[in-house]
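Visitor: Got a structure for you, written out below as structure tokens; questions coming shortly.
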Amino acid sequence: MKHWWKILGVLLMIYSIVAGLAIPLKPGIYDAITASKAITGAPIDIVAVGYLTKFDNTKDDLRAWLKVDNEHAIASTAIKVESESRLKVSFDIPNNLPSADKTVDAALIIDSKKNGYSIFPSAVFIKNTVGTNSAAGWTNAISNMTQHQGMSFPYRNILQETIRNLFYHVPLWFGMMIIFLISAINSGRFLKTKNSKFDHKAASYASVGTLFGILGLVTGAIWAKHTWGAYWSWDIKQNMSAIAMLVYLAYFVLRNSFEESEQSARIGAVYNIFAFVTLPMLLFVIPRLTDSLHPGNGGNPGFGGEDLDNNMRMVFYPAIIGFTLFGAWMANILYRLKAVQQRLLDKAFHSA
Amino acid sequence: MKETISYIFTFLFLLTQNSLFAQTAHDAFMRSNGKIYVVIGVLISIFIGLVLFMVIMERRLKKLEKELNENG
């Protein structure tokens, strides 16, 4: 079976689309609504709006906290279930804030035996009206958090369902790197053997790699619009990947700008190897040096922990292999077309 | 080739002009149901990319067919 890798690539892509869309998110807190301002020494009601939650009055053991930092939190005084997705949580804020700040922001934590625990950051901003700070009334007694049962992906507040884009946007870039690597290797083989077959292979792989890169830019822009707020935020990693694409577009311009095919193949091959060498610089080194919105860059934590759990890895890694194999298949067909074209040209040349 | 590059530049330019795309109704739709339509949008754009590849392949094949018809 010489086509096994194409079948494997397609199966892995189908698997990543089906599993990536079918597995539900964990239930999470989507919004926290307060009718009044939170001040010290006063009660406050917070309506927590749940996403995919199934809050239930009778059969659930609900607990809630407002957490200022790791040592300071308060437990709720009452929890009322308004509907499956709405909880009204009441707190009595102590007379003092644990820090000297005028205002502190507190995260709302809800623990439910049925839905697992969920955190909504900066649910309320508590204003200190008394003016003193002490830890009296605040505890650190948050314990026995319930883990959500069953197969699920993490719920993240801004990402929500778009966390699934990890299986479609990121593998495009991983696949692009591998395909460009194959392209550079073929350019090296061309320089060594002077066999134009390798030059055609290199150009085919570079075409598919560029397509993957442009798709990566487009999918990233769509994702960014609804999480970061704009299609293009001039984020350093966005800019650098756009430059990387321009570097590869220049490769095609260069390859097509010589009359003599032998010369264009040689210069193209040298350029292609240099282009590949700039890629890690543009995509991995420079974005780490300054601030970036991308995870794992500029002081941001990398994708991991809460963002990438083991359930996601079980879809993410197959997706990378699937996209890469599919890209290799595309490049393979393109190369064979070019090879046939070359043979026809040679035939016409010899018969003339 | 020239055309492709100018298309890409125009596209990148349009991406930076967020006001051209800013439609609150569109945003509200994309952000409904836990932003699932963003994932659908990403999948559709990948599909369009694959279709584009098919178009490029067909053009190349057409060129070959023409050559064969003329010289073969």
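Visitor: Of (1) away from every other protein chain (no Cβ under 14 Å); (2) in contact (Cβ under 8 Å) with a residue 24 or more places away in the chain; (3) more than 26 Å from B:Ile40 (Cβ to Cβ), A:Met240 satisfies all except one. Which?
Guide: Only one criterion is unmet by A:Met240, namely (1).
Visitor: Mind telling me which of the residues A:Lys114, A:Lys88 ends up being surrounded by fewer than 21 Cβ atoms within 10 Å (Cβ to Cβ), part of a loop (DSSP other than H, G, I, E, B) and in contact (Cβ under 8 Å) with a residue 12 or more places away in the chain?
Guide: Values: A:Lys88 fails: part of a loop (DSSP other than H, G, I, E, B).
Only one candidate qualifies: A:Lys114.
Visitor: Looking at A:Leu325, A:Leu254, A:Leu283, can you tell me which residue is modelled with pLDDT under 95 and crowded, with 17+ Cβ neighbours inside 10 Å?
Guide: From the options A:Leu325, A:Leu254, A:Leu283, the qualifying one is A:Leu283.
Visitor: Which one is nearest to the other protein chains (Cβ to nearest Cβ), of the residues in segment A:1-48 that are within 30 Å of A:Thr324 (Cα to Cα) and of a type in the set (Ser, Thr, Tyr)?
Guide: A:Ser16
Visitor: Residues that are in contact with a Lys or Arg (Cβ under 9 Å, 6 or more places away or on another chain), closer than 30 Å to A:Glu71 by Cβ and buried (at least 22 other Cβ atoms within 10 Å of the Cβ): does segment A:171-187 have at least one?
Guide: No, every residue in segment A:171-187 fails to be in contact with a Lys or Arg (Cβ under 9 Å, 6 or more places away or on another chain), closer than 30 Å to A:Glu71 by Cβ and buried (at least 22 other Cβ atoms within 10 Å of the Cβ).
Visitor: Could you identify the single residue in A:Thr219, A:Thr193, A:Thr227 that is β-branched (Val, Ile, Thr), within 17 Å of B:Leu50 (Cα to Cα) and in the same structural domain as A:Ser241 (by TED's automatic domain parsing)?
Guide: Going through A:Thr219, A:Thr193, A:Thr227 in turn, the sole match is A:Thr219.
Visitor: Here's a check for you: in segment A:227-251, which residue that is surrounded by fewer than 21 Cβ atoms within 10 Å (Cβ to Cβ) and not hydrophobic (A, V, I, L, M, F, W, C) is nearest to A:Val208 (Cα to Cα)?
Guide: Across segment A:227-251, the extreme among qualifying residues is A:Asn239.
Visitor: Evaluate the following for A:Lys197: is it surrounded by fewer than 16 Cβ atoms within 10 Å (Cβ to Cβ), without any contact (Cβ under 8 Å) to a residue 12 or more places away in the chain and assigned to a helix (DSSP H, G or I)?
Guide: So A:Lys197 fails the test.
Visitor: For segment B:37-46, does any single residue satisfy the condition of being exposed (fewer than 11 other Cβ atoms within 10 Å of the Cβ) and over 11 Å from the mean Cα position of the chain (by Cα)?
Guide: no
Visitor: Taking only pairs six or more apart or across chains, which ones have beta-carbon atoms under 6 Å, a first residue in segment A:163-182 that is farther than 18 Å from A:Ala328 by Cβ, and a second residue that is charged (D, E, K, R)?
Guide: Pairs found: A:Ile163/A:Arg156.
Visitor: Can we say A:Phe120 is of a type in the set (Phe, Trp, Tyr) and under 28 Å from the mean Cα position of the chain (by Cα)?
Guide: Numbers: of a type in the set (Phe, Trp, Tyr): yes; under 28 Å from the mean Cα position of the chain (by Cα): yes.
So A:Phe120 passes the test.
Visitor: Tell me yes or no: at least one residue of segment A:14-32 is in contact with an Asp or Glu (Cβ under 7 Å, 6 or more places away or on another chain) and modelled with pLDDT under 95.
Guide: Yes, that holds for at least one residue.
Visitor: A further question follows. Just to be sure I understand the filter: pairs with C-beta atoms under 6 Å, separated by 6 or more residues or on different chains, first member in segment A:143-162 and outside the structural domain of A:Leu308 (by TED's automatic domain parsing), second member surrounded by fewer than 17 Cβ atoms within 10 Å (Cβ to Cβ) and among the charged types (D, E, K, R). Which pairs pass?
Guide: A:Thr146/A:Lys113; A:Pro154/A:Glu306; A:Pro154/A:Asp309
Visitor: Okay, moving on. Of the numbered conditions (1) more than 11 Å from chain B (Cβ to nearest Cβ); (2) in a helix (DSSP H, G or I), A:Gly220 satisfies every one except a single condition; which is it?
Guide: (1)
Visitor: Moving to a separate point now. So in segment A:223-237, with the set limited to residues that are touching a helix residue (DSSP H, G or I) at 6+ places or on another chain (Cβ under 9 Å) and of a type in the set (A, V, I, L, M, F, W, C), which one is farthest from the other protein chains (Cβ to nearest Cβ)?
Guide: A:Ile236
Visitor: Give me a count of the residues in segment A:131-187 that are at pLDDT below 95 and in a loop (DSSP other than H, G, I, E, B).
Guide: 26
Visitor: Has segment A:50-61 got at least one residue that is crowded, with 20+ Cβ neighbours inside 10 Å, at pLDDT 90 or above and within 17 Å of A:Ala35 (Cβ to Cβ)?
Guide: No, there is no match, as no residue in segment A:50-61 is crowded, with 20+ Cβ neighbours inside 10 Å, at pLDDT 90 or above and within 17 Å of A:Ala35 (Cβ to Cβ).
Visitor: While we're on this one: If I ask for residues that are more than 7 Å from chain A (Cβ to nearest Cβ) and under 25 Å from A:Gly28 (Cα atoms), which ones from segment B:31-69 would you list?
Guide: B:Ser32, B:Asn33, B:Tyr37, B:Ile40
The values are calculated or read from the model by the stated rules, or taken from the named source; none is laboratory data. This is a predicted model, so every value here is computed, not measured. All Cβ positions, glycine included, derive from the backbone under ideal geometry; neighbour counts span all protein chains shown.
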